[in-house]
Structures are given as C-alpha cells and as structure tokens.
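Everything below concerns the one structure shown next.
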Amino acid sequence: MNKKLLENGYVRVKFKLTKTNHIEVCGKLNKVKGRFLIDTGASNSCLGFEAAKTFVLTTESTDTLAAGAGATDMPTLLSKKNLFEIGGWVYKSSHWVLFDLKHVNTALKNHGAEEVDGILGADILRRGKAMIDYKGKWLYLKK
C-alpha cells in the first residue's frame, strides 16, 4: 500500500510515538521549525499563545472559546494565511487557532514526553487526505 500511495502523489513524513503514545511530527510554520502532535479528533490545528512570536504570526481576536481534553471555555486568537510545510507537502494558506496549551504540555511533561508547539487537527489532515501507517510510523499526505 505504501508504494501505491507514493505512486499516486502522496509524500510521506516519518513520525515518532511519544512516551504518551501520541503521534509527533516536525514541520515548518512560516519557515520556522516546530514540533506538532497529530490529533485526528481536533477540528482545527492549534498553537499555544506563545507561538505567535515564535512563528511570526499575525493574529486577530475571536469570540470563539476552545475546548479540548482537560480544558473548556478557553479564549482564542486566530491566525490566517500561514505557510505550513511538512515533508515536501505545502499548505500556503493555513489557519491556526491559538489558545493556552499549557494543560497539554504539562500533561506531556508529567509523563516524560517533550513539549510541543502545536497540534495538527482535522483541517490540515483532511486537506492533505492524510493516511497514517502506525506500523511503519509514516504519515502520508497528498500533494
């Protein structure tokens, strides 16, 4: 199957499983390297507030409150039209929701895993027609 995906225009990105059994990938947001968890259950890709400076983001206020595992009603910012690159796959106009990711990174650290810059959610995964090969530890994205 993997060869067939590559023949059909997919790129593959190696991932690692964290100590918490989450999928982690490295990518570039606005040409700056970052570490991201893959969360197929997250509707939007997101970053911590501190990422605005790290990834040189322009943000705007939003009335939307975020909710996730372990936290609800979190204020958010939105950043539009960002360049996201991962393993040869490029999304020239990605949008990111920013909110306080401390609860995520605290949980990772408490279990011996490293902190992440953000989470790749269903918006990016759907755009890339993502396929995950758990056995080979590959994420496939359609160019």
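Taken together, the values in this text are just the output of simple stated rules run on the coordinates, not laboratory data. Keep in mind that what you see is a predicted model, and the values were worked out from it rather than measured. Quick reminder, even Gly has a Cβ in these numbers, built from the backbone with ideal geometry, and neighbours come from all protein chains shown.
Listed values for segment 132-143 are Karplus-derived 3J(HN,Hα) couplings in whole Hz (6.51 cos²θ - 1.76 cosθ + 1.60, θ = phi - 60°), namely 10, 9, 5, 5, x, 6, 10, 9, 10, 10, 7, 5, and x replaces Gly and Pro. Taking the charge dipole of segment 2-138 about its Cα centre, with +1 at Lys and Arg Cβ atoms and -1 at Asp and Glu Cβ atoms, the residue from Thr106, Thr62, Leu6 reaching farthest to the positive side is Leu6. Legend: ranking of residues His95, His111 from fewest to most surrounding C-beta atoms inside 10 Å; resulting order His111, His95.
Within the straight-line cut-off of under 21 Å between alpha carbons, the lysines reachable from Lys19 are Lys102, Lys109, Lys135, Lys137, sequence neighbours fewer than 8 places apart in one chain being disregarded. Give me log10 I(q)/I(0) at q = 0.09, 0.10, 0.13 Å⁻¹ for the chain, Debye formula, one equal scatterer per alpha-carbon, no solvent. Log10 I(q)/I(0), no solvent term: -0.26, -0.32, -0.55. Of the trypsin sites (Lys or Arg not before Pro) found in segment 1-54, those in coil by DSSP whose Cβ has at most 15 other Cβ atoms within 10 Å are Lys19, Lys31. Scanning the chain for GluC sites (Glu not before Pro) lying in DSSP loops with no more than 15 further Cβ atoms inside 10 Å, the longest uninterrupted stretch between such sites is 51-113. For segment 92-143, compute Rg over Rh where Rg is the Cα radius of gyration and Rh is the Kirkwood radius from the inverse mean 1/r over Cα pairs. Here the Rg-to-Rh quotient is 1.04.
The ranking of Leu141, Leu108 from fewest to most other beta carbons within 10 Å of each one's beta carbon is Leu108, Leu141.
Placing +1 on each Lys and Arg Cβ and -1 on each Asp and Glu Cβ, with no other charges, gives segment 2-138 a dipole about its Cα centre of roughly 780 debye.
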